[in-house]
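One structure is given below, encoded as structure tokens.
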Amino acid sequence: MTILVTGANGRIGRQVVNQLVNRGADMRVLVRDPAKATFPAGVSVAQGDMLDIDSLRNAFAGVRTLFLLNAVAADEYTKALIALNVARESGIQRVVYLSVMHAERFVNVPHFSVKSGAERMIGEMGFSATILRPAYFMDNELMVKDVIVNHGVYPMPIGSKGVAMVDVRDIAEVAAIELIRRNEAAANLPNHTINLVGPDTLTGSGLAAIWSEVLGRPIIYGGDDPSGFEQNLATFLPNWMAYEMRLMAERYVSDGMVPEAGDVTRLTEILGRPLHTYREFAVGMAS
């Protein structure tokens with residue numbers, strides 16, 4: 001039976017697709033513009049939009065397992081709830097949902113609250129689901145690469161409690177493993193949640209130290225005040241999104257995003273290899 005991947009053209013979605021292809025999965029991707037879709041041979045492409053009900057119905061037809069990824073957007077919650085409703089109407093019972101770590105705690109951060117609401121809907125609608133809860137993506141650092149490399153400042157307000165940043169390659173591989181596990185199961189499996197974290201819990205000063213080592217020159221930590229971070233993001237992101245990122249950073253400073261006991265061990269066992277480190281990522285980004 002078919003696995004459908006939403007968000008297939010994004011950073012994570014594309015890697016999920018590649019992981020599934022490498023594992024020989026029967027799969028379909030949902031994209032807005034098939035003309036721009038460049039996926040490996042054998043991947044079925046469905047045109048659609050998360051707010052276009054007819055296109056969702058067509059894409060969901062014959063699907064057994066859904067990978068639901070809703071990008072941060074002003075209408076993210078509406079898209080998530082519509083997708084879940086149409087999925088259930090289409091007979092889809094098995095879901096892997098990309099949420100976020102501490103979704104139920106960081107309630108003032110819009111995309112955290114959205115994902116917490118979608119998690120609740122998944123549970124109450126009776127889906128057989130894996131909830132993937134990643135910490136902050138290492139790949140998000142690409143937004144601040146110029147500030148780090150050209151201005152010698154690590155600008156993301158992380159604080160001293162620590163954030164277990166995760167590599168999107170690890171997220172995608174765990175997602176593919178869970179999709180196949182649920183898709184191939186003889187019966188619906190119990191619901192469970194997996195925290196997706198990196199092997200190290202990183203602080204603002206610790207991240208600056210890593211970049212100093214990687215670049216071979218001093219990089220300073222910009223500090224815990226998020227106002228400059230918001231202003232920088234607002235130069236290339238919508239104002240509402242820059243503000244939302246500020247709210248998220250404030251919670252990192254006040255609360256941190258620290259793994260639960262056993263998270264790293266569990267992920268290492270699922271993947272059968274060590275997790276990617278932030279230093280590896282920084283070396284790749286700097287090269």
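The values are calculated or read from the model by the stated rules, or taken from the named source; none is laboratory data. Because the structure is a prediction, the values reported are computed rather than measured. Cβ sites come from the backbone with ideal geometry, for glycine too, and all protein chains shown count toward neighbours.
Things to note:
- Set side by side, the residues Arg120, Arg133, Arg169, Arg181 differ, and just one is among the basic types (Lys, Arg), over 16 Å from Asp263 (Cβ atoms) and under 14 Å from the mean Cα position of the chain (by Cα), which is Arg169.
- Odd one out for Gly198 among (1) in contact (Cβ under 8 Å) with a residue 60 or more places away in the chain; (2) within 18 Å of His151 (Cβ to Cβ): (2)
- Enumeration of residues in region 250-287 that are farther than 26 Å from Glu178 by Cβ and assigned to a helix (DSSP H, G or I): Glu250, Arg251, Tyr252, Val253, Ser254, Asp255, Arg279, Ala282, Val283, Met285, Ala286
- Region 1-11: number of residues that are of a type in the set (A, V, I, L, M, F, W, C) and modelled with pLDDT under 95: 2
- Within region 97-110, being outside any loop (DSSP other than H, G, I, E, B) and under 12 Å from the mean Cα position of the chain (by Cα) holds for Tyr97, Leu98.
- Qualifying residues in region 12-47 (those that are in a helix (DSSP H, G or I), out of contact with any Leu (no Cβ under 8 Å at 6 or more places or on another chain) and at pLDDT 90 or above) - the one farthest from Ala59 (Cα to Cα): Asn22
- Of the criteria (1) in a helix (DSSP H, G or I); (2) over 20 Å from the mean Cα position of the chain (by Cα), which one Met245 fails: (2)
- Residue, surrounded by the most Cβ atoms within 10 Å (Cβ to Cβ), within region 247-278, restricted to residues that are within 30 Å of Arg23 (Cβ to Cβ) and β-branched (Val, Ile, Thr): Val264
- If you go through region 53-74 and keep only what is modelled with pLDDT of 95 or more and in a loop (DSSP other than H, G, I, E, B), you end up with Ala61, Gly62, Leu69.
- Of the helices (runs of 4 or more DSSP H) lying entirely inside region 131-225, the ones with 1 or more residues being under 26 Å from Ala80 (Cα atoms) and basic (Lys, Arg) are found at 168-184.
- Restricting attention to region 75-96, the residues being part of a loop (DSSP other than H, G, I, E, B), crowded, with 19+ Cβ neighbours inside 10 Å and under 21 Å from the mean Cα position of the chain (by Cα) number 0.
Okay, residues lined up against (1) in contact with a strand residue (DSSP E or B) (Cβ under 7 Å, 6 or more places away or on another chain); (2) not charged (D, E, K, R):
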| residue | (1), (2) |
| --- | --- |
| Gly126 | no, yes |
| Ala129 | yes, yes |
| Arg133 | yes, no |
| Val153 | yes, yes |
| Arg169 | no, no |
| Glu173 | no, no |
| Arg181 | no, no |
| Ala186 | no, yes |
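- Residue within region 201-208 that is farther than 22 Å from Lys161 by Cβ and more than 22 Å from the chain's Cα centre (by Cα) present: no
- Per-region count, region 83-112, residues farther than 18 Å from Gly48 by Cβ, out of contact with any strand residue (DSSP E or B) (no Cβ under 7 Å at 6 or more places or on another chain) and in contact (Cβ under 8 Å) with a residue 12 or more places away in the chain: 8
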